[in-house]
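What follows is a short report on a single structure.
The values are calculated or read from the model by the stated rules, or taken from the named source; none is laboratory data. Because the structure is predicted, anything quoted here is derived from the model rather than measured. As a convention, Cβ positions derive from the backbone with ideal geometry for all residues, glycine included, and neighbour counts pool all protein chains shown.
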Amino acid sequence: MDTLFKSLIQKEQERQNTNIELIASENFVSQDILDAMGSILTNKYAEGYPGKRYYGGCQWIDEIETLCQQEWKKVFNTQYEVNVQPHSGSQANYAAYMALLKPGDYILSMDLNHGGHLTHGSAVNFSGKLYNMIFYGVDKNGFIDFNDVEEKAKIYHPRLILAGASAYPRMIDFSKFYTIAKKYGAYFMVDMAHIAGLIAAGVHNSPFGLADIITTTTHKTLRGPRGGLIFCKPEFYKKVNSAIFPGSQGGPLEHIIAAKGICAEEAQTPEYNTYIQNVVNNCAIFCDAFKNMGYKIVTDGTDNHLFLIDLSDTNLTGLKAQELCDEHNITLNKNCVPNEKRSPMITSGVRIGTAAMTTKGYTPIDFINVAKTIDSIWRSYL
């Protein structure tokens, strides 16, 4: 029976099929992952953990969740423990803080306007409401200012130092964060949500072996379902599990956990490694195309799957740039840039990523042509 919801889903499918999708946090999942997400596993309640459930009939659920955990350890070649139940990256971060901290503790994290994330201490988010946040930023060239990180750590002695970003185009030096955290007696946490796929494929350095706790989403560059994971050193595992259930969630979404497991299997294939290398290569070429047309690029380039165009010196806002692209079936997002002077709803920049269209088979030539198209759309407004 046709319903309005079915019609709207079909319209969104048509949009995804026809639009050029350049939002750095989006991707396209495989049919196997879609099948798992839409499976009968959604019917099963399974509060608790494998072998310790509050409901009967969980023998196959236990096997699925245990296998999912095993596969994710293989992806990152790690002995860290992993909780696969977080419903999202935000839920994972909430539980990670809960496991290690008390309300009011100090956290040192990246400023939202410099590339950080809402859950890294924004005043309107739970993180900014529950904890005392101190922020580090980027230097005049847009790179993480480690002098600022150490100076803030020295002054405030935070309980936790957080590395990770939602709009930072360069390689993150986790070893420098680790050294500072240990020097000042802080826990070291990494939110690798955006770059997890790059770390899995070996094209970005890894926080494993350094961080006490690591969170990620399973979509973005991992190309899986919307959801989260928490990796941690064994000594924190019991606290992490308690922070997820019963601390902040009820029943896990077992259809999503199965999809996460399939995502982990896919991330271990040679084809996936090739895909990620193509994502990074395409991003560098895409970024250079804009540079060659005179656009200002934050940090003057990229090492990963995204880059930021700084429109501060033009008459074009990030919002207007986004809206103009929407009119031509190109999807990207407005984004704050370092030293942002406009509101988050307007912004002076845009964030552009290559993960989704690389999944669709785009080549460097395709991305260069898209850059030329976007330039033709924006040019009269600059």
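Please give the helices (runs of 4 or more DSSP H) falling wholly within region 73-184 in which 1 or more residues are touching a Gly at 6+ places or on another chain (Cβ under 6 Å) and modelled with pLDDT under 95. Lay out the reasoning, then the answer.
Numbers: elements: 89-100, 126-130, 146-156, 174-183.
Passing ranges, in order: 126-130.
Determine which member of the set Tyr156, Tyr168 is surrounded by 18 or more Cβ atoms within 10 Å (Cβ to Cβ), among the aromatic types (Phe, Trp, Tyr) and out of contact with any Pro (no Cβ under 7 Å at 6 or more places or on another chain). Talk me through it step by step, then tell me what you get.
Values: Tyr156 fails: surrounded by 18 or more Cβ atoms within 10 Å (Cβ to Cβ).
From the options Tyr156, Tyr168, the qualifying one is Tyr168.
Select from region 238-269 the residues that are without any contact (Cβ under 8 Å) to a residue 12 or more places away in the chain and assigned to a helix (DSSP H, G or I) and list them in ascending order.
Of everything in region 238-269, just one residue is without any contact (Cβ under 8 Å) to a residue 12 or more places away in the chain and assigned to a helix (DSSP H, G or I), namely Lys238.
Which is within 25 Å of Ala96 (Cβ to Cβ) and either in contact with a Lys or Arg (Cβ under 8 Å, 6 or more places away or on another chain) or at pLDDT 95 or above (or both), of Gly250, Gly301?
Exactly one of Gly250, Gly301 is within 25 Å of Ala96 (Cβ to Cβ) and either in contact with a Lys or Arg (Cβ under 8 Å, 6 or more places away or on another chain) or at pLDDT 95 or above (or both), namely Gly250.
Confirm whether His204 is within 16 Å of Leu162 (Cβ to Cβ) and in contact with a helix residue (DSSP H, G or I) (Cβ under 6 Å, 6 or more places away or on another chain). Give the steps one after another, and end with the answer.
Working: within 16 Å of Leu162 (Cβ to Cβ): no; in contact with a helix residue (DSSP H, G or I) (Cβ under 6 Å, 6 or more places away or on another chain): yes.
So His204 does not fit the description; no.
Looking at (1) surrounded by fewer than 18 Cβ atoms within 10 Å (Cβ to Cβ); (2) under 18 Å from His194 (Cα atoms); (3) free of Cβ contacts under 8 Å to residues at least 40 places away in the same chain, which is the one condition that is false for Asp111?
(1)
Can you tell me which of Tyr178, Tyr187, Tyr237, Tyr156 is under 30 Å from Ser39 (Cβ atoms) and in contact with a strand residue (DSSP E or B) (Cβ under 7 Å, 6 or more places away or on another chain)?
Working: Tyr178 fails: under 30 Å from Ser39 (Cβ atoms); Tyr187 fails: under 30 Å from Ser39 (Cβ atoms); Tyr156 fails: under 30 Å from Ser39 (Cβ atoms).
Only one candidate passes the filter, namely Tyr237.
In this structure, is Glu235 in the same structural domain as Lys52 (by TED's automatic domain parsing), farther than 15 Å from Ala95 by Cβ and either assigned to a helix (DSSP H, G or I) or touching a Ser or Thr at 6+ places or on another chain (Cβ under 8 Å) (or both)? Full working, then the answer.
On the way: in the same structural domain as Lys52 (by TED's automatic domain parsing): yes; farther than 15 Å from Ala95 by Cβ: yes; either assigned to a helix (DSSP H, G or I) or touching a Ser or Thr at 6+ places or on another chain (Cβ under 8 Å) (or both): yes.
When the stated conditions are applied, Glu235 passes them.
Yes or no: Val203 touching a Cys at 6+ places or on another chain (Cβ under 7 Å) and not in a strand (DSSP E or B)?
Working: touching a Cys at 6+ places or on another chain (Cβ under 7 Å): no; not in a strand (DSSP E or B): yes.
When the stated conditions are applied, Val203 does not pass them.
Output the qualifying pairs, or none if there are none: Cβ atoms under 6 angstrom, residues six or more apart or on different chains, first residue in region 26-45 and buried (at least 17 other Cβ atoms within 10 Å of the Cβ), second residue among the basic types (Lys, Arg).
Asn27/Arg223
Tell me the residue from Glu254, Glu323 that is surrounded by fewer than 17 Cβ atoms within 10 Å (Cβ to Cβ) and either of a type outside the set (Lys, Arg) or in the same structural domain as Asn83 (by TED's automatic domain parsing) (or both), please.
Details: Glu254 fails: surrounded by fewer than 17 Cβ atoms within 10 Å (Cβ to Cβ).
None of the other options fit; the residue is Glu323.
Could you tell me whether any residue of region 284-299 is touching a residue at least 60 places away in the same chain (Cβ under 8 Å), in contact with a Phe, Trp or Tyr (Cβ under 9 Å, 6 or more places away or on another chain), on the phi > 0 side of the Ramachandran plot and not in a strand (DSSP E or B)?
Yes, region 284-299 has at least one match.
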